[in-house]
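Presented below is the structure to which this report refers.
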Amino acid sequence: MGKQKTKKFAAMKRMISLKDQRIKEKDRAKAKEKKKKDPSAIKEREVPKYPSCLFFQYNTQLGPPYHILVDTNFINFSIKAKLDIVQSMMDCLYAKCIPYITDCVMAEIEKLGMKYRVALRIAKDPRFERLPCTHQGTYADDCLVQRVTQHKCYILATVDRDLKRRVRKIPGVPIMYISNHRYNIERMPDDYGAPRF
């Protein structure tokens, strides 16, 4: 009985390395020369630029009237908790608050359909300021993170855990959330309106 030949998959032809001694000198790959580092040379590093409004983690741009970026689920959870958004924000921060809604958040609420028509009506309230979006796509989380990173004057209002986790990595951006049927603020400097209990 003869041996059966099995196919070899992904078999490659063996090739000589370009650095091999058998290849002619002119065709041979040249070995990389290691440059000796000059100890007296100035070292250059890429350091991320931080906005001038931050004094370490302290954000000097935050102050009344507060500009609050509102997320889709924040509106939905406010309706479930029967909270008036603007009034509850003022109760939380003890100062005038201006809620802002981006085009992406508005598009997200419109996509949710008839079930969330109350949220859409609240979002179209004249007390809410609209922020136009210039980027591609309508993914609200990326839009809000980008907006908060560029302009440090906003407080982000959200209930979304993933979004909170992303925003906590950005220094100087407070997060407003809902707990126990009222609004609370996280990472707010102590000198500003909201007391910590």
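The set of residues from region 52-80 being closer than 30 Å to Lys111 by Cβ, surrounded by fewer than 14 Cβ atoms within 10 Å (Cβ to Cβ) and in contact with a strand residue (DSSP E or B) (Cβ under 8 Å, 6 or more places away or on another chain) is empty. Starting from region 54-83, keep only residues that are within 19 Å of Thr149 (Cβ to Cβ) and acidic (Asp, Glu), then list their pairs with residues that are at pLDDT 95 or above and surrounded by 13 or more Cβ atoms within 10 Å (Cβ to Cβ) whose Cβ atoms are within a distance under 6 Å, requiring at least 6 positions of separation or different chains. Qualifying pairs under 6 Å: Asp71/Thr158.
Of Lys35, Lys49, Lys24, Lys19, which residue is open to solvent by 70 Å² or more (accessible area, probe 1.4 Å), farther than 27 Å from Lys164 by Cα and modelled with pLDDT under 80? After applying the criteria, what remains is Lys35. For Arg117, the conditions (1) part of a loop (DSSP other than H, G, I, E, B); (2) surrounded by fewer than 14 Cβ atoms within 10 Å (Cβ to Cβ); (3) among the basic types (Lys, Arg) are fulfilled apart from (1). With respect to the stated conditions, Cys53 fails to be more than 21 Å from the chain's Cα centre (by Cα) and not β-branched (Val, Ile, Thr).
In the set Val167, Val105, Val145, only one residue is buried (at least 21 other Cβ atoms within 10 Å of the Cβ), in contact (Cβ under 8 Å) with a residue 24 or more places away in the chain, of a type in the set (A, V, I, L, M, F, W, C) and over 17 Å from Pro64 (Cα atoms); that residue is Val105. Scanning region 84-110 for residues that are in a helix (DSSP H, G or I), out of contact with any helix residue (DSSP H, G or I) (no Cβ under 7 Å at 6 or more places or on another chain) and within 25 Å of Thr149 (Cα to Cα) yields Val86, Met89, Met90, Cys92, Leu93, Asp103, Ala107.
So that you can scan it fast, the table gives a plain yes or no per residue for (1) in contact with a Ser or Thr (Cβ under 9 Å, 6 or more places away or on another chain); (2) assigned to a helix (DSSP H, G or I); (3) within 20 Å of Gln57 (Cα to Cα):
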position: Arg121; (1), (2), (3): no, yes, no
position: Val145; (1), (2), (3): no, yes, yes
position: Lys164; (1), (2), (3): yes, yes, yes
position: Asn184; (1), (2), (3): no, no, yes
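The values are calculated or read from the model by the stated rules, or taken from the named source; none is laboratory data. What you see is a predicted model; the values in this text were computed from it and never measured. For neighbour counting, all protein chains shown are included, and Cβ atoms are generated from backbone atoms with ideal geometry for every residue, glycine included. With ligands, DNA and RNA removed, areas are computed over all heavy atoms of the protein, side chains included. Shrake-Rupley method; radii C 1.70, N 1.55, O 1.52, S 1.80 Å.
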